Every structure is written in structure tokens, then in C-alpha cells.
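K.L.:
Handing you this structure, nothing more for now.
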Amino acid sequence: MLSNKRIAVVGAGHMGAALIGGMLRAKLTAPKNITASRHSEDALAALRKDWGVNTTTDNKKAVAGADIIVLAVKPQVSPQVLAELSSVVKPGQLVVSLMAGITTKTISQKLGQPCPVVRSMPNTPCLVDAGATAVAAGAHAGPEGLALAEKIFSSVGQVVALPETAMDAVTGLSGTGPVYIFMVIEAMIDGGVKMGIPRDVATKLATQTVLGAAKLVIETGKHPAILKDEVTTPGGTAINAIHMLETKGLRSVLIDAIVTATQRSQELSRLYGD
Ligand SMILES: NC(=O)c1ccc[n+]([C@@H]2O[C@H](COP(=O)([O-])OP(=O)(O)OC[C@H]3O[C@@H](n4cnc5c(N)ncnc54)[C@H](OP(=O)(O)O)[C@@H]3O)[C@@H](O)[C@H]2O)c1
């Protein structure tokens, strides 16, 4: 599906490089089909060394002749990059944007071309091939454009397709979500340390517990509440801990965090998106 496509990754930083690595490890395409661009010559040299891809500091050269243009620059530099690319982008090129808060409509308008545009919201676990990404098709991106974007992100984790109106909520849930879990892990480690477990051991136990619990939900397909009930024995440790977590409002706090992050994403989209 991607094997004969030429792909330009504009802004090959953390996310862009993760996608390059993911696509090549998954053998979706060959290094010669990928061109990465950014300013730092040293970082580009590292990409050449690690992955054997083509590199350039010239965004226009990167996208010339590409079938797919992945925009992985920060949203703040998008006006400059979109203006720069507007003179070279052709209507048939598929644009896949990672830029948080920038709508497909804005991207099309600023490029001045009716290109198919797919917007995505990945998260940092993409760096370890365990990402959660949502993709949304813009007005000119048909099922084919969406399928190509899904294929790219599937090389670094799970992908779902949603309407673009859901992207702020996705930002609040999975885009920002790793932060919530990092805090949960940190707190669990501290709890273990407080109860006398050495920090390195507590870290191993806490991280594996979070990973294992997520895996159990995914692999059994059971509702988390059922898995919780299954380990809750009458008068045991779990029910006492659950009572404490409910008293302190753990679930409400996490729901509120997602609501407030979604609202902030909506505000930022209004401020910087157009
Ligand atoms: N990290 C996340 O959790 C996350 C989640 C969802 C979405 N995203 C989105 O993913 C995108 C990339 O994020 P990131 O974390 O990978 O950022 P990043 O590591 O800073 O990567 C962006 C890269 O863009 C390059 N760049 C800056 N100006 C440029 C220009 N004019 N032309 C070409 N390249 C340019 C920078 O390299 P040079 O300085 O060498 O040019 C930098 O390495 C952002 O739009 C972000 O909203 C990130």
C-alpha cells in the first residue's frame, strides 16, 4: 500500500523520526522513498545514519515529487511552513498533519490547494511503537487518503478514525493521557517507597502493574469494572483501597482532567488554529 509511495517528513523531530523508524521497521516502505527535512544538519545526519533515508534542510525540495507529505513541525511554525510549501504543493499530494489544533480547512487554505488533508493526534508512546493515534479526514481526503494515514500510524501503535470534531477530545484523552499515567506511576512508586520497598524495585513493580493491567483489559476484552470486581475479595485489600480511591475522587479527578484538557485544546485551536 505504501511501498511505492514517496514520503516527505517535514519537521523530522521526535514524532517525525518515530514515524520514519516505525514505517521502516514495519517494512511499509524502503528508506530511498523517504525524505526528511529540518534545520539541524546534525540531526539529519543521525537520521541518515540510523535509517538510510534522504535528508534535506530545504522543505520545498523534500516535498517535490512526494506522494505523501507528513507535516510534523510544531503548530507555532505552521504558518511559516505552510506559506513556504504553498508554492510547491500539488493538488494530488496527500498531506498528513500531526500539528495539534490546526484544522484540515486551515491547512488547505494556507496551502492554497485542494489537497487531500488528514489530521492526526498521536501521543508520545509512538516513540516506543505503543502509540494511540486518531486520524480525521478533511474535505478532500477520501477513504484512500485516510487508509494511507492509518497505515503510517499503525506502524507505531493503534489507530482509530474519527470525525475532525472529535480531535480536541482525543487531545484530552490520549494525546495528553500519558501525563496522567506518568503521575499515577510516580505516585504508586512513592507509595511503595513509603511502605519500605527500594525505589528501583518499586519502579519495576509499578510500571509492570500499569502495563499488565492495560494488557489484561485489551487481551480479555472485559470491562475494567469486571476485572476490578474479579480481584476484589470480601474484606480484602482491594476493597479497602477502592473505598479510599472513591473517597478521594480518583475517577472524578481523571474525568475532570480529560474535560479540562479538551477545553484547553479547544481554546488553543481558536487562538492558533486559523
Ligand atoms: N509530542 C507529542 O506528544 C505530540 C502529540 C500529538 C501531536 N504532536 C504534534 O507533533 C508535532 C511534532 O511534535 P514533536 O514533539 O515531534 O516536536 P519536535 O521534536 O520539536 O519536532 C519538530 C521538528 O520540526 C523542526 N522544524 C522547526 N522549524 C522547522 C521548519 N521551518 N522547517 C522544517 N522543520 C522545522 C525542528 O527541528 P529543527 O530545529 O532542526 O528545524 C523539530 O525537530 C507537533 O505539531 C505536535 O503538535 C506531538
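K.L.:
Filter the stretch 93-122 for residues that are in contact (Cβ under 8 Å) with a residue 12 or more places away in the chain and surrounded by fewer than 15 Cβ atoms within 10 Å (Cβ to Cβ) and give the result. Break it down into steps so the answer makes sense when it comes.
P.N.:
Step one: filter the stretch 93-122 for residues in contact (Cβ under 8 Å) with a residue 12 or more places away in the chain, giving 93-108, 110-122.
Those that are in contact (Cβ under 8 Å) with a residue 12 or more places away in the chain and surrounded by fewer than 15 Cβ atoms within 10 Å (Cβ to Cβ): G112, P114.
K.L.:
Okay, moving on. Only residues in the stretch 1-12 that are on the phi < 0 side of the Ramachandran plot count as the first member; pair them with residues that are assigned to a loop (DSSP other than H, G, I, E, B) and within 15 Å of the ligand (Cβ to nearest atom), Cβ under 7 angstrom, at least 6 apart or cross-chain, and list the lot.
P.N.:
Qualifying pairs under 7 Å: R6/A66; I7/A66; A8/A66; V9/A72; V10/A72; V10/V73; A12/R38; A12/A72.
K.L.:
Tell me which of these N33 doesn't satisfy, since it passes every other one: (1) within 15 Å of the ligand (Cβ to nearest atom); (2) under 21 Å from L148 (Cα atoms); (3) not hydrophobic (A, V, I, L, M, F, W, C).
P.N.:
Among (1) within 15 Å of the ligand (Cβ to nearest atom); (2) under 21 Å from L148 (Cα atoms); (3) not hydrophobic (A, V, I, L, M, F, W, C), the lone unmet condition for N33 is (1).
K.L.:
Right, something else. For the stretch 123-133, check the following and say yes or no: at least one residue is assigned by TED's automatic domain parsing to the domain that holds S78, surrounded by 21 or more Cβ atoms within 10 Å (Cβ to Cβ), charged (D, E, K, R) and not in a helix (DSSP H, G or I).
P.N.:
The answer is no; no qualifying residue exists.
K.L.:
Please specify each residue of the stretch 70-83 satisfying the condition of being assigned to a helix (DSSP H, G or I) and either buried (at least 16 other Cβ atoms within 10 Å of the Cβ) or of a type in the set (A, V, I, L, M) (or both).
P.N.:
Step one: list which residues in the stretch 70-83 are assigned to a helix (DSSP H, G or I), which gives 75-83.
Passing the criteria: P75, V77, S78, V81, L82, A83.
K.L.:
While we're on this one: Please specify each residue of the stretch 57-69 satisfying the condition of being more than 14 Å from S108 (Cα to Cα), within 14 Å of the ligand (Cβ to nearest atom) and not in a loop (DSSP other than H, G, I, E, B).
P.N.:
Once the filter is applied, which keeps residues that are more than 14 Å from S108 (Cα to Cα), within 14 Å of the ligand (Cβ to nearest atom) and not in a loop (DSSP other than H, G, I, E, B), the stretch 57-69 yields N59, K60, K61, A62, V63.
K.L.:
Can you pull out every residue in the stretch 220-250 that is among the hydroxyl-bearing types (S, T, Y) and either more than 29 Å from the chain's Cα centre (by Cα) or not assigned by TED's automatic domain parsing to the domain that holds G191 (or both)? Write out each step before concluding.
P.N.:
Pass one, the stretch 220-250, residues among the hydroxyl-bearing types (S, T, Y): 220, 232-233, 237, 247.
T232, T233, T237, T247, listed by residue number.
K.L.:
Can you name the number of the only condition in (1) more than 12 Å from the ligand (Cβ to nearest atom); (2) over 19 Å from L127 (Cβ atoms); (3) not charged (D, E, K, R) that L24 fails?
P.N.:
Here L24 clears every test but (2).
K.L.:
Now for a different question. Report every pair of residues separated by at least 6 positions or lying on different chains whose Cβ atoms are under 9 Å apart, first residue within the stretch 176-200 and of a type in the set (S, T, N, Q), second surrounded by 14 or more Cβ atoms within 10 Å (Cβ to Cβ).
P.N.:
These pairs meet every condition: T176/N123; T176/A257; T176/I258; T176/A261; T176/T262; T176/R264; T176/S265.
K.L.:
Please determine, by comparing only the residues of the stretch 84-105 that are more than 13 Å from the ligand (Cβ to nearest atom) and part of a helix (DSSP H, G or I), which one is nearest to A261 (Cα to Cα).
P.N.:
Applying the filter and picking the extreme gives T104.
K.L.:
For the stretch 1-56, which fully contained strands (runs of 3 or more DSSP E) count at least 3 residues that are crowded, with 19+ Cβ neighbours inside 10 Å?
P.N.:
Details: elements: 7-10, 34-37, 54-56.
Strands (runs of 3 or more DSSP E) meeting the threshold: 7-10, 34-37.
K.L.:
Then there is this: Quick check on the stretch 57-69: of everything there that is surrounded by fewer than 14 Cβ atoms within 10 Å (Cβ to Cβ) and either farther than 12 Å from G11 by Cβ or out of contact with any strand residue (DSSP E or B) (no Cβ under 9 Å at 6 or more places or on another chain) (or both), which residue is modelled with the highest pLDDT? If you could, list the steps in order and put the result at the bottom.
P.N.:
Of all residues in the stretch 57-69, those surrounded by fewer than 14 Cβ atoms within 10 Å (Cβ to Cβ) come to 57-58, 65.
The next check asks that each one be either farther than 12 Å from G11 by Cβ or out of contact with any strand residue (DSSP E or B) (no Cβ under 9 Å at 6 or more places or on another chain) (or both); those that pass are 58, 65.
Details: D58: 98, G65: 91.
It comes out as D58.
K.L.:
Which members of the stretch 141-156 meet the condition of being part of a helix (DSSP H, G or I) and not acidic (D, E)? It would help to see each step written out before you state the result.
P.N.:
The initial filter retains those residues of the stretch 141-156 that are part of a helix (DSSP H, G or I), namely 143-154.
Selection gives P143, G145, L146, A147, L148, A149, K151, I152, F153, S154.
The values are calculated or read from the model by the stated rules, or taken from the named source; none is laboratory data. All values derive from a computational prediction rather than experimental measurement. Counting neighbours? That spans all protein chains shown, and the Cβs are built from the backbone with ideal geometry, glycine included.
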